[in-house]
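Please treat every number below as a calculation from the coordinates, not as lab data. Please read these numbers as outputs of a predicted model, since none were measured by experiment. Cβ atoms come from the backbone with ideal geometry, glycine included; neighbour counts cover every protein chain shown.
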Amino acid sequence: MGFLTGILIAVFIIGFFAYIIGLMSIYRSAFEKGGWWGIGLLFLPVIGPIYILMDLKNTYKALLIELGGLVLMGASIFFKPL
């Protein structure tokens with residue numbers, strides 16, 4: 001395993017954990033808003049964007065963390081060595 005490959009794996013892992021932290025923050029916010037929001041978010045993925053847009057004041061930081069994690073994971077896959 002080369003040096004660049006190791007760095008890309010580390011970036012992917014950091015991005016994955018950032019994504020999970022952002023996702024869990026959104027779930028926590030949904031369950032705090034109401035139990036049905038949380039259950040809907042868990043079992044109906046279509047509810048996610050609706051809830052985030054309706055409660056953007058409380059979810060924008062978690063959304064940015066989640067999107068940042070996705071960007072890191074995507075970048076680590078895109079820049080893989082040949």
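Observations, loosely collected:
- Residues within the range 1-12 that are exposed (fewer than 15 other Cβ atoms within 10 Å of the Cβ) and under 14 Å from residue 69 (Cα atoms), tallied: 2
- Residue count for the range 29-41, restricted to those that are touching a helix residue (DSSP H, G or I) at 6+ places or on another chain (Cβ under 7 Å) and over 10 Å from residue 55 (Cβ atoms): 4.
- So residue 47, is it more than 24 Å from residue 5 (Cα to Cα), of a type in the set (A, V, I, L, M, F, W, C) and in contact (Cβ under 8 Å) with a residue 12 or more places away in the chain: no
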